Structure formats: structure tokens, C-alpha cells
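Okay, structure first, notes after.
The values are calculated or read from the model by the stated rules, or taken from the named source; none is laboratory data. What you are looking at is a predicted structure, and each value in this text was computed from that prediction instead of being measured. Heads up, the Cβs are rebuilt from the backbone with ideal geometry, glycines too, and the neighbour counts pull from every protein chain shown. Please note that ligands, DNA and RNA were not included when accessible areas were found on the heavy atoms of the full protein model with its side chains. Shrake-Rupley method; radii C 1.70, N 1.55, O 1.52, S 1.80 Å.
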Amino acid sequence: MQNKNSKSIYSVPYFVWILLFVIAPIALIAYYSFLDLSGNFTLDNYKNFFTSVYLKLTLSSFWYAFLITLFSLIVAYPTAYFLTKTKHKQLWLLLIIIPSWINLLLKTYAFIGIFGLSGPINAFLQVFGISEQQILFTDFSFIFVSVYIFIPFMILPIFNALDKLNPSLIDASKDLGASNWTTFSKVIFPLTINGVKAGVQAVFIPSLSLFMITRLIAGNKVITLGTAIEQQFLVTQNWGMGSTIAVFLIIFMVIIMIITGQREKGATSYGKNK
Amino acid sequence: MLEAPIIRFENVTKFYDSETTVLDNINFELERGKFYTLLGPSGCGKTTILRLIAGFMQPSSGNIYLNGKLINHVPANERQVNTVFQDYALFPHLNVFENIAFGLRIKKLGKKVIEEKVIEALKFVNLDGFENREIAEMSGGQRQRVAIARAIVNDPEIILLDEPLSALDLKLRSEMQYELRELQQRLGKTFIFVTHDQEEALAMSDEIFVLNEGQVEQNGTPKDIYDEPINRFVADFIGESNIVAGTMVADFRVHIDGNEFDCVDQGLNPNEKVDIVIRPEDLEITSVENGKMKVKVDTQLFRGVHYELSTYDEAGNEWLVHSTKEAEVGSSIGLNFDPEAIHVMRLNETEEDFDKRLESYGEEAYAK
């Protein structure tokens, strides 16, 4: 009895946290999503979401999140692979991780300076006689900065997966006649797919709801689910519609987590997946 | 014309950085279809030799020939050599069938052919019906067999085995020793087996290479190496042995700490200092009067097949005795042995000189 009581005391902070910061907000969002501007019950918000405006918005959010994830993966996988082969791999990894501890807003502002019309990039271009280029407020700068921000979250799980990979499996693959490429596609990649999935999850889901980077770097050029929610709440003051978008965002996140969360058989080591 | 040796090492040296030499000027030739064992303590370079043959690393200097062709720069995936790894290195994301089919799929063989070959390989290692199992569902011994099947299914010229039995329990290990030996004879392939376990080496091999600190100390049949070890290291590493310092008084006479004994060795310099080996099982317990040597029993262990006695002579040399007879601890006993039981080792003798000397003894010495 004693034991059971003390256990339930320890669980109090957890349940308080879950109640206040997970269940209550989601319940509130769900509640608001059924209210119209004057506070009456309605299903119009949901109907509106399936109009072309919001569907396009959703599609473009997914498209940008997809691009950000893709470019992060393209950079992160070889980087992680290279890091596992270095002598002081934990140190090199740390150097990549450290910038992610710096406040996101600070880093984003730094890019406004770098990409700005009077920033170093334009100054460099002018040396070659190229006139001032509008780099800020473009798709390019938005994706570039997002990839920069998210890359450590992609590298880390992939690095861990590669680091855990038994090197004799690679020897075995070559021993059986596989070329470097076949070894990668048939052995290394399938065995590190969980790291890739974790990285994709860590990048794709936050990318869907990006709004601060979108606002500061892309201006009004890129509208995503994140910026739409902000607009509905703060500009239009349509809490109902904002909540409805948020509900869909949560649904999308859950779907993505289910898709990327499946554990591949035996991908880490023998016996663990039993 | 003689067939080219399947593997030839020519002055092969390997060092990782300028200080650590792993292999020091290794030369040897291996014949097709034999079971070879590279035996030595950890760090002796035996696994390095295996990895050089497999192609996972290149020699720092010297040449390696496969079937008479220089293969120094042929990558691992283009060598007709397959390895059974110490940790088996089975692909955990593939089932038994796909693990074994891995090499065949790379060769782009037809689906039917692959299926036939995999089934046949599984039969060979007594695992028929296991093709759809996951690796995680297999026991250590079964994984071992899958690893062997995965190697033999590719029909390689050589099969390399890197301490494949070390992870198995004692009973399974001796079972697999029989199986491996039998498998090698059925396949008629060249096996190169790496181990630090001398019993394993003696039981399975056609020929053993004893390695120490990057050099081949001695090579020969298990019997040769056991009966005629070239030096203290080999005698000590292979089996249990009593090794004492002695002097060669004349041909067929050896002097050990105040006693002289008959032996079968000749052709050494008079009064040359030598090491003497007598195997514990060649020492026979008798009464003090009848023994060639008088020793005091210090301890006695019952080993099941025999008693293991640790005894000391008057000069303080320890003599290990394996005897089916029991002795009394603390008592004095006599030890008897045949002249053939004494094996004389010259100090710092090269393998070449050693072989020459043994040959020169001819039949008469052994007929005695």
C-alpha cells in the first residue's frame, strides 16, 4: 500500500502537466473549431477548410515541409556517415549540435542581415559586377534557413543509427560481392532506416507548422498552415477558423507519426525486436 | 607442371602506423583443398592475414597471389573468397533465405537457380526448412550454420573462417568441429581457419601455422607441431608441456640439472645449450628406485580422464604429470619416460634449419 501511494505521488506532476498543457489546449482548440465568429455552434469552419483556398494552403505547407525535409536529408545523411568515420566523432558531432542551442529567433535575424540587400552575399556578388539580388523573401531563402535550422535534428538520429551499425556487416556485404553502392542500398540504408525515419519526423512535423521563419525570411511570399493559424487568431480574429486549421495540423502530425513510427524488423540488432 | 598454390604470400608486411608492425615479412604457400589453421594468441596477426586474403585490407609491402595471380589491389567484392565472420555478420533485416541468397542476387542469377542453390546450401549445413526464419529467431549454433551456408553457396575458391566457434558453448563447439571438418572434406575446398584454441586447431587441420608477434613460428601437420615443436613458444602454446633448460652432452645424450638421459636427437654441437620439452602424458609414475627422475608431489588435481600432478625435482624444476594412477601429495615418486619423449629444441633455430635437422635424423634414430 505504502509503495502504491508513493508511486502515485510521483505521478502527480506528470498528470498535472498533461492535463494543463496537452489535454486542455487540445480540448479548447477542438471546442473553438466548432464556433463561428459570434460564438455560436457551427460546422462551417470544417466546410471552409475543404475549399480551394485552404486545400491549396495545406498542399503548399506539405510541399515546403517536404522540400525542407528532403534537403535536410540529402545534406544530413552523408554528413552523418562522414562523422562516424572520423576519429573524434563525438567532438565533430558536438560542433554541429551547438548552434541548435542558440535561440532560433537570433539565428533567423542573423540571416536577415546576411541575405539582406546590403548584406555580405550581395556585397560579394557585386565584386563580380552582379547587381543587387533580392534573396530575402524568396522560396530559396525560406528553404535554406529552414534547412539550416533543422539539420542537426536530422543528423543526430542518422548518426546514432550509423554509429550502431556493426561494421562487419559492411565487410560481409563486400565479401559476398556487393559493390559500394549495393552495400549502401541493400545493407547500410535499410539498417539505418529507423534513424532516417526519426530524423524525418523531427524535421517534417515542425516544418509543417513553421511560422516565425516563414514570416521573417519569406515575408508574405510563403503562406503555410502555421502562418495561416497566426493570421486567423491575430489578424482576422477568427478563432474558430484558426482552431480548425490547428485541428487539421494535429491530425496531419498524428498521421505522419504513424507512418514514420513503424519499427522495421531487426533494424538495430539481433534479438532486440523480439 | 605443378599447379600454382591457391594462396601465396611473398614477403608480406603489414603495419598500421609506423610503430605497430602486425605482420613481419610473411612467406607461405597454401595448397588447394586443404584445411589450414592459423593459430596464435590474440594480436599475433592471424586475423590480419585473413583480412588480407579477403581483401578488407592491403599489405603495406609484399605480394599476395591467388591462383598465381597478384591480387594486392583486387577489391574484396571481386575476390572469389568468402568469409565466415566471428560474429557471423548475418544481415538482421533479411531472413535466412535472403541472407544466403545475398551473394547470388548480386551475381544476378535466375530466381529458380537461386532458390535451388539456397535450399541445397541449407541442406548442406543441416538447416533444411529454416529458409523463412528471421535471424533473431535462430540460436547461436544455427546462425553459425547460416553464416557457413552463406559463404559456401557462392562456390568460392577459399572459405575463410575467423574464429567462428568462439561464441559457442563447449559442447556445440566440439560438435561444430566435426561438422566443419566433414564439410571441408565433402566440399573439397580450401578452408583457412583462424583460432587461438589449440585443441580446435589440432582436431581439424591438415596443416597448422603457429603465429606469434606477426611471424610464423612453425607450420606443419598437427602431429608434427605437437610432437616436434620448434621452440619454447610453440611447445608452450600447443598443449601442456614441461619445458626446462638443458645441455646436449653428445649425440643422443642430454643433461638436465645434474642428470643425464638418453634421447633421440643428434647433430647438435657438444655442450650446446638447449630447451627440453617433455609432454605431461609421456611421464609415467613409478617407485623412486625405478624412476629416471625423483620428484616430490606438490599438488594433484582430478581432471576426469586423468590426474594432473604438479611435481618438483631437487633442482626446483616443475614437472607436470598426467597419470591415470593416483599419487600421494607430499610423497616422493619416481618418473619414467622413453628417450623419444625427450624433445630437444635448439635456441633461436629457424624453421628451415629445424626441418633440415629433423630430416637428417633419418629412420635409424627413430627405429632405436
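When the stretch A:120-135 is filtered for residues that are within 24 Å of A:Ile149 (Cβ to Cβ) and open to solvent by 70 Å² or more (accessible area, probe 1.4 Å), the ones remaining, listed by number, are A:Pro120, A:Phe124, A:Gln133, A:Gln134. Taking the stretch B:48-163 as the region of interest, the strands (runs of 3 or more DSSP E) fully inside it that hold 2 or more residues being more than 8 Å from chain A (Cβ to nearest Cβ) and open to solvent by less than 10 Å² (accessible area, probe 1.4 Å) are B:158-162.
Residues in the stretch B:164-187 that are outside any helix (DSSP H, G or I), in contact (Cβ under 8 Å) with a residue 60 or more places away in the chain and open to solvent by less than 40 Å² (accessible area, probe 1.4 Å): B:Pro164 alone. Would you call A:Met257 away from chain B (no Cβ under 14 Å), in contact with a helix residue (DSSP H, G or I) (Cβ under 8 Å, 6 or more places away or on another chain) and open to solvent by less than 60 Å² (accessible area, probe 1.4 Å)? Criteria not met by A:Met257.
Figure legend. Inter-residue proximity from the stretch B:291-312: first residues over 15 Å from B:Leu335 (Cα atoms), second residues open to solvent by 90 Å² or more (accessible area, probe 1.4 Å) and of a type in the set (Val, Ile, Thr), beta-carbon distance below 6 Å, spacing 6+ or different chains. Indicated pairs: B:His306/B:Thr324. Set side by side, the residues B:Asn25, B:Asn67 differ, and just one is under 22 Å from the mean Cα position of the chain (by Cα) and at pLDDT below 95, which is B:Asn25.
B:Lys294 meets the conditions (1) more than 27 Å from the chain's Cα centre (by Cα); (2) open to solvent by less than 70 Å² (accessible area, probe 1.4 Å) in every case but one. The failed one is (2). Filter the stretch B:15-26 down to residues that are open to solvent by 10 Å² or more (accessible area, probe 1.4 Å) and in contact (Cβ under 8 Å) with a residue 60 or more places away in the chain and give me whichever is nearest to B:Tyr65 (Cα to Cα). Among those that are open to solvent by 10 Å² or more (accessible area, probe 1.4 Å) and in contact (Cβ under 8 Å) with a residue 60 or more places away in the chain, it is B:Asn25. Yes or no: A:Leu117 open to solvent by 30 Å² or more (accessible area, probe 1.4 Å) and under 30 Å from A:Lys89 (Cα atoms)? No: the conditions fail for A:Leu117. Here B:Glu29, B:Glu3, B:Glu10 are screened, and the one residue that is away from chain A (no Cβ under 14 Å), surrounded by fewer than 21 Cβ atoms within 10 Å (Cβ to Cβ), of a type in the set (D, E, K, R) and in contact with a Gly (Cβ under 6 Å, 6 or more places away or on another chain) is B:Glu10. Across the stretch A:196-239, the number of residues qualifying as more than 30 Å from A:Leu165 (Cα to Cα), part of a helix (DSSP H, G or I), open to solvent by less than 20 Å² (accessible area, probe 1.4 Å) and of a type in the set (A, V, I, L, M) comes to 6. If we scan the stretch A:174-182, do we find a residue that is more than 11 Å from chain B (Cβ to nearest Cβ), outside any helix (DSSP H, G or I) and either closer than 20 Å to A:Ile143 by Cα or at pLDDT 95 or above (or both)? Scanning the stretch A:174-182, I find no residue that is more than 11 Å from chain B (Cβ to nearest Cβ), outside any helix (DSSP H, G or I) and either closer than 20 Å to A:Ile143 by Cα or at pLDDT 95 or above (or both), so the answer is no. Residue under question is A:Thr138, and the condition is that it be more than 14 Å from chain B (Cβ to nearest Cβ) and open to solvent by less than 10 Å² (accessible area, probe 1.4 Å); does it hold? Criteria not met by A:Thr138. The set of residues in the stretch A:25-59 being open to solvent by less than 100 Å² (accessible area, probe 1.4 Å) and among the aromatic types (Phe, Trp, Tyr) consists of A:Tyr32, A:Phe34, A:Tyr46, A:Phe49, A:Tyr54. For the stretch B:256-270, taking the residues that are in contact (Cβ under 8 Å) with a residue 60 or more places away in the chain, part of a loop (DSSP other than H, G, I, E, B) and open to solvent by 30 Å² or more (accessible area, probe 1.4 Å), the one that is nearest to B:Leu335 (Cα to Cα) is identified as B:Asp257.
Of all residues assigned to the stretch B:220-228, at least one qualifies as being over 19 Å from B:Lys46 (Cβ atoms) and not in a helix (DSSP H, G or I). Screening the stretch B:196-209 for residues that are closer than 19 Å to B:Leu23 by Cβ and modelled with pLDDT of 95 or more and picking the one that is surrounded by the fewest Cβ atoms within 10 Å (Cβ to Cβ) gives B:Glu207. Among the residues of the stretch B:52-68, just one is more than 16 Å from B:Asn27 (Cα to Cα) and either of a type in the set (Lys, Arg) or in contact (Cβ under 8 Å) with a residue 60 or more places away in the chain (or both), namely B:Ala54.
Scanning the stretch B:93-129 for residues that are among the aromatic types (Phe, Trp, Tyr) and either at pLDDT 95 or above or in contact with a Gly (Cβ under 8 Å, 6 or more places away or on another chain) (or both) turns up B:Phe97, B:Phe102. Every condition in (1) within 17 Å of the chain's Cα centre (by Cα); (2) surrounded by fewer than 17 Cβ atoms within 10 Å (Cβ to Cβ); (3) of a type in the set (Gly, Ala, Ser) is met by B:Gly40 except one, and the failing one is (2).
You will find that of A:Asp163, A:Asp171, the residue that is acidic (Asp, Glu), at the interface with chain B (Cβ under 8 Å from one of its Cβ atoms), within 30 Å of B:Arg51 (Cβ to Cβ) and in a helix (DSSP H, G or I) is A:Asp171 and no other. For the stretch A:92-112, indicate whether the set of residues that are in a helix (DSSP H, G or I), surrounded by 14 or more Cβ atoms within 10 Å (Cβ to Cβ) and of a type in the set (D, E, K, R) is non-empty. Taking every residue of the stretch A:92-112 in turn, at least one turns out to be in a helix (DSSP H, G or I), surrounded by 14 or more Cβ atoms within 10 Å (Cβ to Cβ) and of a type in the set (D, E, K, R). A search for C-beta distances below 8 Å between a residue of the stretch A:67-92 that is more than 15 Å from A:Thr192 (Cβ to Cβ) and any residue that is of a type in the set (Ser, Thr, Tyr) and not in a helix (DSSP H, G or I), counting only pairs 6+ apart in sequence or on different chains, returns A:Trp92/A:Thr86.
Residues in the stretch B:220-255 that are among the β-branched types (Val, Ile, Thr) and without any contact (Cβ under 8 Å) to a residue 24 or more places away in the chain: B:Thr221, B:Ile225, B:Val249.
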